[in-house]
Ligand SMILES: Nc1nc2c(ncn2[C@@H]2O[C@H](COP(=O)(O)OP(=O)(O)OP(=O)(O)O)[C@@H](O)[C@H]2O)c(=O)[nH]1
Ligand SMILES: [Mg+2]
């Protein structure tokens, strides 16, 4: 089976660990336990009309910018799931900044953006108009690790891009 | 380089480091085939039970990385839940992977990082809360001010009303008395009837204005319909010509139009109210000369011009005349002073503009320009009673309660729409993306994806149609949240049917994307 390395990248507290927990184990925890270093998980993804593939998901500790240890973790990645928290506008800027930095080392990486915590949409600072514009540059998903909305779709999009 | 240590210290150091790090060295050939193992395999989850899986995980760590150079991956948590520093040591033709336990270090680092991150997150929440408090304070302040103003207005209203109603009534009773008297010749009778009519018309306008005033700024739903300018002009003529003639004023009503290809829709009652108010002022404040009304209908817009040769309004009173109960501008005038404030409000509600042109002693001209609230295509064979929206207007109703969905569907079908129904937000998003409706009516509180989340998602995906959200929560906050998510209108349940129909009319009358 083809195996690909996918890195979760975004500011701290945006829900990277929670999205992976939802995607891989179908669980969610309210409690915030920050990630130190990396947690590595894997999951097989079925694709329509294609061989399934295996995603090795690197859940990297959140930072607003890409430092040397962060860049070290990214080596060998073929996909990035950028994560922002809809209730914090600044985390979206951070995700875009991180993507730009990561692309310098990984020019051909497949990338998508998950704007997380959709269940809190009433408190979002990020606007629909902003995301509507961003969609021209990369696939954007509104997700909720809590309810599961959009999570599968975000990973599936990256898997589909990797398969082609 | 560390100098030679005394053997006892050297061995102590070695034991300590080994005890802390639980090193495990796995030796592989170039194809990841395990050749040799040194160290604490069980500690790192490489004991017999699930060794195969642990080895696969290890191999996955090095996807995309060269195996012929040294690599270091600090703080890697694998599925056994413990954190390790993972090193790859090249040793051609194979390599070794060295694992050093990092759990203790991680616990310490996590405690620190957790504090720092939580402080930043709390700071963000705090500044949001402060902003919100500020908003609430401003809102309270605004409400207090408007309550004060309302109270002052109420007092002024009562004071002026007792005067305003009594004057025309006194005059009506006086003339009635005169008519009943024995010596009423035909000429006097005609004059008396004229005066009665004038005063009754005035009372009528006054009563209409009071109703409008009581309705307030909010709750004003426009009611677009086909407006017959000719009928309006006729009514105006019937109503005001006798009053003007009584005062020996010339009275002119004109209609001008181009026959466009669309039929613009206006709120007839409001247009009439505007014209009646302006004319009743014009006739009242003009002692000689001419009063004229002109309705011009061009390019779908309606222009109303009411002009007189009366006392005029001096520049310093231009603004004030539009405030309720202010009538300093028209010297010696009587009247509740609601007329112009209501005219302005109505014009604004209809999205129009109002211009005032006046010279004291020479006269006043009001020019109102109204955009259509909507328009119908093709005037051919138009049925004025027809619904003011396109016949095939497509509506998607989304509610998890089938009874509510059915009720809404029936209502909308009655109104002449085409209706689709979805039972949850995800289905709704899929349905809209498949074929965007002209109007989406969606419940906010649904299990799973909320209505607001669906609305947000649709807007961020570029859906431009009208959206009305329905909710059981009637707080301003809930309303704002829904509008922020991208709804155009917010209605609360239980539904007020008039309001529902009004909102649907407004939503469907305003051009999409406006
Ligand atoms: N309401 C809601 N809360 C969420 C969601 N996703 C994550 N959270 C909460 O947000 C907090 C942070 O989530 P994590 O998944 O630990 O965030 P992270 O991006 O991994 O953070 P770091 O590891 O510090 O970089 C936790 O309290 C989660 O419960 C979501 O979709 N909805
Ligand atoms: Mg995390």
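Relative to one another, the C-alpha centroids of the range B:452-514 and the range B:49-70 are positioned 53 Å apart. With one equal scatterer per alpha carbon and no solvent term, the Debye-computed log10 I(q)/I(0) for the range A:2-163 at 0.08, 0.12, 0.15, 0.17 1/Å reads -0.20, -0.45, -0.73, -0.96.
The calculated FRET efficiency for the pair residue A:54 and residue A:29, based on their C-beta separation and a Förster distance of 30 Å, comes to about 0.75. When each of the peptides B:343-355, B:306-318 is scored by how many other beta carbons lie within 10 Å of its residues on average, the order from highest to lowest is B:306-318, B:343-355.
Taking a ≥ b ≥ c as the square roots of the eigenvalues of the Cα gyration tensor, the range A:15-107 is classed as oblate, since a/c reaches at least 1.5 and a/b does not exceed b/c. Per-residue extension of 0.36 nm, minus the Cα-Cα distance of residue B:427 and residue B:53, leaves a gain of 130.7 nm for this segment.
For the range B:389-421, the residues whose amide N sits under 19 Å from a probe point set 7 Å from the Cα of residue B:461 along the beta carbon direction are B:394-400, B:420-421. Taking the C-alpha atoms only, the angle from helix B:229-246 to the longest principal axis of chain B is near 40 degrees. Shielding of peptide B:71-77 by partners, expressed as the average count of other chain Cβ atoms within 10 Å per residue Cβ, is 6. Remark: relative contact order (chain A) = 27 percent; criterion is Cα-Cα distance under 8 angstrom and separation of 6 or more residues. Here the range B:175-207 and the range A:109-133 have alpha carbon centers that stand 71 Å from each other.
If R0 equals 41 Å, the separation of the Cβ atoms of residue A:2 and residue A:120 corresponds to a calculated FRET efficiency of about 0.70. Stretching the chain fully between residue B:179 and residue B:252 yields a gain of 23.2 nm (0.36 nm per residue, less the alpha carbon separation). Between residue A:46 and residue B:203, the distance separating the two model label sites (each 7 Å from Cα on the Cα→Cβ line) works out to 8.2 nm. For the range B:285-325, the residues whose amide N sits under 12 Å from a probe point set 7 Å from the Cα of residue B:357 along the beta carbon direction are B:305-308. Summarising the label geometry, the points placed 7 Å from Cα in the beta-carbon direction at residue B:141 and residue B:170 lie 4.6 nm from one another. Computed over chain B, relative contact order equals 9 percent, with contacts defined as Cα pairs under 8 Å that lie 6+ residues apart. Peptide A:83-89 is shielded by partner chain Cβ atoms: per residue, an average of 2 of them sit within 10 Å of its Cβ.
Computed over chain A, the per-residue total of -39500 (n - 2.57) for DSSP H runs of n ≥ 4 gives a 222 nm mean residue ellipticity of -8500 deg cm²/dmol, rounded to 500. Per residue, chain B reaches -16000 deg cm²/dmol at 222 nm when only DSSP H runs of four or more residues are counted, each adding -39500 (n - 2.57).
Normalised Debye scattering of the protein assembly as shown at q = 0.06 Å⁻¹ gives log10 I(q)/I(0) of -0.56, counting only Cα atoms as equal scatterers and leaving out solvent.
The label-point distance for residue B:413 and residue B:13, in a model that sets each label 7 Å from Cα toward Cβ, rounds to 8.8 nm.
Taking the C-alpha atoms only, the angle from helix B:497-509 to the longest principal axis of chain B is near 80 degrees. The calculated FRET efficiency for the pair residue A:72 and residue B:125, based on their C-beta separation and a Förster distance of 22 Å, comes to about 0.10. Stretching residue B:230 away from residue B:115 to a fully extended chain increases their span by 33.8 nm, per 0.36 nm per residue minus the current alpha-carbon distance.
Every number in this text was worked out from the coordinates using simple rules, so none of it is lab data. This one's a predicted model, so the numbers in the text were calculated from it and none came from an experiment. Here the Cβ is made from the backbone with ideal geometry for all residues, glycine too, and neighbour counts use every protein chain on show.
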